[in-house]
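The values are calculated or read from the model by the stated rules, or taken from the named source; none is laboratory data. Please read these numbers as outputs of a predicted model, since none were measured by experiment. Here the Cβ is made from the backbone with ideal geometry for all residues, glycine too, and neighbour counts use every protein chain on show.
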Amino acid sequence: MTDRLTPQNVTVTTATIEVRTLTLGRRQITQSVFRQLVEERLIDDNGSFRGQPWGYINHCPDKKVAGIVTGKMIDCATGPEHRHVVWQKGDELRRSRILAYRPPYYGVWSDTTDLIVQAGYCTNNHEMPAWMTSRRSDEFAFQQDGVRCTGAAPKRGWEIGHECATVAMLEKARADLTEEIAQERVLHATRKSAWEAVIALPQLFIAV
C-alpha cells in the first residue's frame, strides 16, 4: 500500500533538462532561416530514409500546405498530425513535412482487386455477390486473408465494352492477391516503423 501524499512527505526535485538548439556557427538559427531550407521528402514510398534525420522543429514554416487527399490548401498547424524534420542529404540540409502514418481506409486496392470485383459480378449471373459490400456506388469491398480489399465498381453487363470475366480468372486473381497482401503487410510495417522513428527524434529549438 502506498503512503498518502502529504506536504510533509512529498518534495520537489529539480531535474536537468537537455535542450538541443539548431545553430549556425555560434548563432541560433531563426524561423526565417529555417524556412529557407529546401523542402524535400525524407521518407521514400518504400518506407526507407533518404538521408540522416537530425530532429524535428515545432514550427510550421508554411502557413498553407496542399491537402494530401483533395490537394486544396489547408492550414498546416491545424492539419493532420505531422512533424517538420531537419535532415541531412549529403553535405546539405533539408526540411521535410512528414505526415503521421495511417493505414489507408480501403486496405488493398489494385488492378487485381478491380478484377476480383469484376469477376465476382460476372460469375454471379451479373449480380454483386454477397461477399462484397459497398458504401459508395463506385467502389466495392471484400475480405481476403483477414485484410480489407477494395475494387472499382464493375462494368455492368449492358455497358459498352463489357467482357465477362471467368471463374478461372477469379481464382487466379485471388491467388495473385494473396501475394500482393503479403507485400503490402511488409510495406505498411516499414512505413509504420519509419513514422515511429520520426516521432522518436529529439526536438530542435530555433529562435524567433
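Pull out all pairs, ordered by first then second residue, where Cβ-Cβ is under 8 Å, the residues are six or more apart or on different chains, the first lies in region 138-153 and is touching a residue at least 60 places away in the same chain (Cβ under 8 Å) and under 9 Å from residue 113 (Cα atoms), and the second is part of a strand (DSSP E or B) and hydroxyl-bearing (Ser, Thr, Tyr).
Filtered contacts from region 138-153: no entries.
Kindly provide the set of residues from region 32-50 that are of a type in the set (Phe, Trp, Tyr) and either part of a loop (DSSP other than H, G, I, E, B) or farther than 17 Å from residue 65 by Cα (or both), ordered by number.
Matches in region 32-50: 49 only.
With respect to the numbered conditions (1) of a type outside the set (Lys, Arg); (2) assigned to a loop (DSSP other than H, G, I, E, B); (3) not assigned by TED's automatic domain parsing to the domain that holds residue 83, which one is the sole condition not fulfilled by residue 201?
Failed condition: (3).
Would you please name the residue that is surrounded by the fewest Cβ atoms within 10 Å (Cβ to Cβ), looking only at residues in region 113-133 that are closer than 23 Å to residue 103 by Cα and touching a residue at least 12 places away in the same chain (Cβ under 8 Å)?
131
Looking at 150, 190 in this structure, which one is among the polar types (S, T, N, Q), surrounded by 14 or more Cβ atoms within 10 Å (Cβ to Cβ) and outside any helix (DSSP H, G or I)?
After applying the criteria, what remains is 150.
Can you work out which of the residues in region 56-71 that are farther than 13 Å from residue 82 by Cα and assigned to a strand (DSSP E or B) is nearest to the chain's Cα centre (by Cα)?
Ranking the qualifying residues of region 56-71, first place goes to 66.
Is it true that some residue in region 83-93 is crowded, with 18+ Cβ neighbours inside 10 Å, of a type in the set (S, T, N, Q), not in a loop (DSSP other than H, G, I, E, B) and not assigned by TED's automatic domain parsing to the domain that holds residue 165?
Scanning region 83-93, I find no residue that is crowded, with 18+ Cβ neighbours inside 10 Å, of a type in the set (S, T, N, Q), not in a loop (DSSP other than H, G, I, E, B) and not assigned by TED's automatic domain parsing to the domain that holds residue 165, so the answer is no.
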